[in-house]
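Worksheet: the structure to be examined is printed underneath.
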Amino acid sequence: MNVKPDWLRVKAPQLQKVGTVKEILRDLNLNTVCEEASCPNIGECFQALTATFLIMGPACTRACPYCDIDFEKKPQPLDPSEPVRLAEAVLRMKLQHVVITSVNRDDLVDGGASQFVRCIEVVREKSPDTTIEVLIPDLCANWSALNKILQADPEVLNHNSETVPRLYRRVRPQGDYQRSLELLKRTKDQAPWLYTKSGIMVGLGETSDEVKAVLEDLRNVNCDIVTIGQYLQPTSKHLKVEEFISLAQFNSWREYGESIGFLQVVSTPLTRSSYHAEQVKQLMQKYPRDKSHQATELR
């Protein structure tokens, strides 16, 4: 039986600041992945007045056995007021960087790309100095839908690989490893000025060499940023933790990722795909991107 190590314990948050964020979210009727996916960092992030907004949810059309987001409820029609409410939350929270993610909406023709676009547009209108990161699903390989999002020009496009190829059938049965790589490759080919990002969970039975192979695959499609974090079992109904990974191993993966050219590797037990995402602003200053060719038509 695996015993959770001390380094996975989190500090209790300051309830007043956490309450402020929750009040804003409830007042504007917004979902966050922090709450829906039972993120262990929710206290720290809410205390820092940050959150990762979950649009088009909370019901998901996929049933990934590691994820705590509800897949049993029927997805609802898109709410045209959601982008406006989200932009209002960004304004009230005075966010310098916002992460917008979604449930999978395989029931929609464009996978929800149009809702991402509208969210980007309204946030830009209300908070023009806020940088925007979108953490998107694979859109069922609808590349014209991807191009809609790219044309809206977020600063960061994030799409998680989640795990190593050998474990996809068990961990991500409705996903496809090569499709995820292709999404990241197409993004970089079509909009090279964007920062691309991906993340994986560990502790599900993968080997260290398999993790390194995923890092190599991501670099081969010019992915800029990668996150590596410990998988934690949300409930007894979800996949079990096979191993709690040591701090030394996380450091080793970080060093390897940096050695093969990632601009940033965040590799700790509590790392999640949008954990401390605002640090990308420092990366943008250190590695600015030439957007002079931005007008090139996206195919």
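Of all lysines in the structure, those lying under 24 Å Cα to Cα from K74, and not within fewer than 8 positions of it along the same chain, are K237. Sparsely packed loop sites in the range 142-250 (the GluC sites (Glu not before Pro) outside DSSP H, G, I, E and B with at most 15 other Cβ atoms within 10 Å) comprise E242, E243. What you get for the range 120-164, charging only the Cβ of Lys and Arg (+1) and of Asp and Glu (-1), is a dipole of about 120 debye around the Cα centre. Between D70 and L247, full extension at 0.36 nm per residue minus the direct alpha carbon distance yields a gain of 60.6 nm. Over all orientations, the range 54-192 has a Cα convex hull whose mean projected area works out to 8.3 square nanometres. Applied to the range 214-227, the Karplus parametrisation 6.51 cos²θ - 1.76 cosθ + 1.60 on θ = phi - 60° returns per-residue 3J(HN,Hα) values of 5, 4, 5, 4, 5, 5, 5, 9, 6, 5, 8, 10, 9, 10 Hz, with x for Gly and Pro. Estimated at the nearest 10 Å², the accessible area of R26 is 130 Å² with a 1.4 Å probe. Close amide H pairs (under 5 Å, H built 1.01 Å from N) link D110 with no residue at least 5 positions away or on another chain. For the range 169-183, putting each phi into the Karplus relation 6.51 cos²θ - 1.76 cosθ + 1.60 with θ = phi - 60° gives couplings of 4, 8, 8, 9, x, 9, x, 8, 4, 5, 5, 5, 5, 5, 4 Hz, in residue order, rounded to whole numbers and with x for Gly and Pro. Among the protein heavy atoms, those of W193 account for about 20 Å² of accessible surface (1.4 Å probe, every chain in place).
Here D217 sits with roughly 50 square angstrom of accessible surface, probe radius 1.4 Å.
The values are calculated or read from the model by the stated rules, or taken from the named source; none is laboratory data. Computed from a predicted model, the values in this text were never measured in an experiment. For neighbour counting, all protein chains shown are included, and Cβ atoms are generated from backbone atoms with ideal geometry for every residue, glycine included. All accessible areas refer to the heavy atoms of the entire protein, side chains included, with ligands and DNA or RNA removed. Shrake-Rupley method; radii C 1.70, N 1.55, O 1.52, S 1.80 Å.
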